[in-house]
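Chemist: One structure, as structure tokens, below. Some questions next.
The values are calculated or read from the model by the stated rules, or taken from the named source; none is laboratory data. Worth saying up front: this structure is predicted, and the values here are computed from it rather than measured. We place every Cβ from the backbone using ideal geometry, glycine too, and count neighbours over all the protein chains shown. For the accessible areas, the whole protein counts, side chains as well, though only heavy atoms, and no ligand, DNA or RNA atoms are used. Shrake-Rupley method; radii C 1.70, N 1.55, O 1.52, S 1.80 Å.
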2 protein chains.
Amino acid sequence: MREKKIRLKTAEIEKQSHLDYFKIAISVDCVIFGYVEKELKVLLIKSDMKEFEGKYSLLGDLVKLDEDLESASKRVLKERTGMDDVYMEQVQSFGSVDRHPSGRVITIAYYSLIDIKHHKLKLSHNELDWHPVRKVKKMAFDHNLILDACLRRLQQKVIEHPVIYNLLPEKFSLRELQKLYEAILGVQLDRRNFRKKISINDSLIDINEKEVDVSHRPGKLYKLKPEFKKKKTSKHN
Amino acid sequence: MREKKIRLKTAEIEKQSHLDYFKIAISVDCVIFGYVEKELKVLLIKSDMKEFEGKYSLLGDLVKLDEDLESASKRVLKERTGMDDVYMEQVQSFGSVDRHPSGRVITIAYYSLIDIKHHKLKLSHNELDWHPVRKVKKMAFDHNLILDACLRRLQQKVIEHPVIYNLLPEKFSLRELQKLYEAILGVQLDRRNFRKKISINDSLIDINEKEVDVSHRPGKLYKLKPEFKKKKTSKHN
DNA sequence: AGGAAATATGTACTTATGACACATTAATTT
DNA sequence: AAATTAATGTGTCATAAGTACATATTTCCT
């Protein structure tokens, strides 16, 4: 009997300490980029916290005890959007003491790139929807900071490796690729120089097909060479 | 008396649950780079865990509930080395489920650059000492991975901005700067081209002094222009 | 005073980047 | 069916950046 009482006590204390005293919670937040209507967009959800009523937030969740960080962010993606097998990269941790109104939560930010045509998400649910990256208003928590950090990382990536195939369908024209590149970097580029740059790094296959349903001369379609499709999988973190 | 016994018990359990069951602990690990005897070194300490007896580990500690991540890693540095006001940059989180033998610990890696001449550390204590980065053996935990990630980040940084003044004394010669650059990248460079590169980015001041106590023609000494000294302080994470 | 050793600087060659123009193709209009 | 239009597809030249390489100069040491 006495033993039981002690257990109760300790359970209580565990629960308290869980959020109150020495416990720090860990979450992941996903910045999910998509390319819709020639604009770079990010998937946001209406915040369910009353402190942030009306504001949007990134998709995220607490990390479970038995899951790796990347598993956690893939789970978030899968749960909320049904999407699987997406490109994902860890960006940065955010851990200011006061970043979460309900307690101490350190979050690890990931960004993902998805081709929205291949991954049909149930946008009707959950007030989940695409927002143009450049027009995102004040979000919940420090999520604007997180979005900025992820966008900068994506821009860095696209400069180093201009073919961001993850955001495009399997077959794409050079014009489409250039428009994507411009959408990410927020600049306009010379068509000829862009094509030269692409041809130099030699990562595309001409598949001898042409665009259809365009109201002008159709462009050639390309695929990414398989050897460039290596997904960046972070192994041990 | 009974109360006391309970407290003892709960304290025990707190300690257990702290690392055992539902608690995910958060730590920071610091990869502290120094430039000693023309070699890039990292500050390591003998692991105090019996699982890793004889192995070295990075300097790290659990993050306290009321401290930001960067504060935590600065505290670690200060406590263990006495050093303050150092360059520091967050690199990556490591959170594999099994990375820590005593429980779930997610760690956030930082790297620091210090000029060892300005920061005299009490190396005699704690079996704390500098180790050549290229010759580090198997360390405790996943610390080899962490070191690798931080080294790659530092290399990236030095390519973008060749003047890594944090590792050098205030006044330095171009030869010293080049040797440092070479030590970080692990390559040999042409002296003339290196100097051209440095002169182009125009970040040094010729202070009209020369090296002393060198057994050959002394080189000119330079300082970094103040406007290039902006410390990278991560604001909100 | 002369030799050794490192500093300091310049030039030619190659490669990458940026500005720019014209011919070609296929859909659309007349 | 021919002319028009609007986008695709390619090439050249000028400039900037990167790489390979050589000679003169300064200081230390003997």
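Chemist: Given R₀ = 56 Å, what would the calculated FRET efficiency be for residue B:51 paired with residue A:209, taking r from the Cβ atoms and rounding to 0.05?
Modeler: My answer for the efficiency is 0.45.
Chemist: Kindly provide the trypsin sites (Lys or Arg not before Pro) of the stretch A:69-175 that DSSP labels as loop, not H, G, I, E or B, and whose Cβ sees at most 16 other Cβ atoms within 10 Å.
Modeler: Sites meeting the loop and neighbour criteria: A:117, A:120, A:122, A:137, A:138, A:171.
Chemist: How far, in nm to one decimal, is residue B:212 from itself in the other copies if the label point is set 7 angstrom along Cα toward Cβ? Shortest first, please.
Modeler: So the distances to the same position in the other copies read 8.2 nm.
Chemist: Follow-up. Take the stretch A:20-157, compute every pairwise Cα distance, and split them into 10 Å bins from 0; I just need the percent in each bin.
Modeler: Using 10 Å bins, I get a P(r) of 12, 45, 36, 7, 0 for the stretch A:20-157.
Chemist: Continuing with this model, one more query. Longer than 30 Å from Cα to Cα, which of A:157/A:210; B:41/B:78; A:137/B:197; B:38/B:78; A:138/A:223 are they? Say none if no pair is. Don't jump to the answer; show the numbers that get you there.
Modeler: Working: A:157/A:210 28 Å; B:41/B:78 18 Å; A:137/B:197 42 Å; B:38/B:78 25 Å; A:138/A:223 38 Å.
Flagged as over cut-off: A:137/B:197; A:138/A:223.
Chemist: May I pose another question? Once phi is turned into θ = phi - 60°, what whole-Hz ³J(HN,Hα) does the Karplus curve with 6.51, -1.76 and 1.60 give for every residue of the stretch A:187-197, x standing for Gly and Pro?
Modeler: So the Karplus estimates, Gly and Pro as x, are 9, 10, 10, 6, 4, 5, 5, 4, 5, 4, 4 Hz.
Chemist: Something else: Would you mind counting up the charge near residue B:110? Only other residues with Cβ under 11 Å from its Cβ, with Lys and Arg at +1 and Asp and Glu at -1.
Modeler: -1
Chemist: If amide H atoms are built 1.01 Å from N in the plane of the peptide, which residues on other chains or at least 5 residues away come under 5 Å of the amide H of residue B:61?
Modeler: Here the answer is B:28, since their amide H atoms fall under 5 Å of that of residue B:61.
Chemist: Using the Karplus curve 6.51 cos²θ - 1.76 cosθ + 1.60 with θ = phi - 60°, what ³J(HN,Hα) values do you get for each residue of the stretch B:69-85, in whole Hz, with x for Gly and Pro?
Modeler: 4, 5, 4, 4, 6, 5, 5, 4, 4, 5, 4, 8, 10, x, 7, 9, 6
Chemist: Moving on. Find every distance from the label point of residue B:71 to the corresponding label point in the other copies (7 Å from Cα along Cα→Cβ) and write them in nm, one decimal, shortest first.
Modeler: Going from nearest to farthest copy, the values are 3.3 nm.
Chemist: Just tell me which aspartates and glutamates come within less than 12 Å, Cα to Cα, of residue A:229; anything on the same chain fewer than 8 places away is out.
Modeler: A:170
Chemist: Give me the one-decimal nm value for the distance between modelled label points at residue B:185 and residue A:102, 7 Å along each residue's Cα-to-Cβ direction.
Modeler: Computed distance between label sites residue B:185 and residue A:102 equals 5.0 nm.
Chemist: So which chymotrypsin sites (Phe, Trp or Tyr not before Pro) in the stretch B:15-104 pass both tests, a DSSP loop state and at most 12 other Cβ atoms within 10 Å of the Cβ?
Modeler: In loop regions of the stretch B:15-104 (DSSP not H, G, I, E or B), the sparsely surrounded chymotrypsin sites (Phe, Trp or Tyr not before Pro) are B:21, B:22.
Chemist: What are the principal axis extents of the Cα atoms in the stretch B:121-205, in Å, biggest first?
Modeler: The Cα atoms of the stretch B:121-205 stretch 43, 27, 18 Å along the principal axes, largest first.
Chemist: Another one. Amide H of residue A:87: which non-local residues (sequence gap of 5 or more, or other chain) have their own amide H closer than 5 Å, using H built in the peptide plane?
Modeler: Amide H to amide H, under 5 Å and 5 or more residues apart or across chains, residue A:87 pairs with A:113.
Chemist: Could you report the stretch A:170-228's accessible area per residue, 1.4 Å probe, as an integer in Å²?
Modeler: 66
Chemist: Which distance in Å, rounded to a whole number, links the C-alpha centroids of the stretch B:167-202 and the stretch B:81-95?
Modeler: After rounding, the separation between the Cα centres reads 24 Å.
Chemist: May I pose another question? How much of the calculated P(r) for the stretch B:170-228 lies past 20 Å, in percent of all Cα pairs? Kindly include the intermediate steps, with their values, before the conclusion.
Modeler: On the way: 449 of 1711 pairs.
Tail of P(r) above 20 Å: 26 percent of Cα pairs.
Chemist: Am I reading the B/A interface right? What is its buried accessible area, both sides, 1.4 Å probe, to the nearest 100 Å²?
Modeler: Chains B and A together bury approximately 3400 Å².
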